[in-house]
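Here is the structure we will look at, set down as structure tokens.
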Amino acid sequence: MAISKISSSVFLSKASWASNSDGPVPAHWEPNTDVYVTSDGLVIKVELAGMHSENLELAIEGNRLRISGERPDGCRGPNCDFLVMSISYGPFECILDLQPGYDLGHARAVYLNGFLRIDVPRVPTKRPARTRVVVRSAT
């Protein structure tokens, strides 16, 4: 599993595997994914042309986000000979491990024009309560 540094505060770890009750099942392909930081949090943008939102599944475990689904191949005839084939079809999976500091439990996802966008807010930082210390005169 490769780890790519995205910024000084976010690391992205991607894996191409799925699991079911029988054990690991290889995914056919992994979609192109951008991850970037904004002032509000993290944005994950996944290129998924030809999909329907109901065919996408997002699952969260701790700071791990699993995006999976299946892109159907219903547009070609049964007896065709490809000259070029660079579009991936079938099941896919993308697993993102995020560093702490982002709240996947409050993530929002929208699928529009072939792109899945997931906005992950930052975990609110608690400011320490301000306490005054009374200084007494020594007698």
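With neighbour counts taken as other beta-carbon atoms within 10 Å, the residues Lys126, Lys45 rank, fewest first, as Lys126, Lys45.
Taking Lys and Arg as +1 and Asp and Glu as -1, the other residues whose beta-carbon sits under 11 Å from that of Met85 total -1. Calculated FRET efficiency, Arg117 to Tyr89, Cβ-Cβ distance, R0 = 30 Å: about 0.85 to the nearest 0.05.
Note on Arg64 and Asp103: the extension gain reaches 13.0 nm, defined as 0.36 nm multiplied by sequence separation minus the Cα-Cα distance. A convex hull fitted to the Cα coordinates of region 39-139 yields 141 cubic angstrom per residue.
Values quoted throughout were computed directly from the atomic coordinates according to the rules given, and no laboratory measurement underlies them. All of these numbers come straight from a predicted model, not from anything done at the bench. Neighbour counts are summed over all protein chains in view; Cβ atoms, including those assigned to glycine, are modelled from backbone coordinates with ideal geometry.
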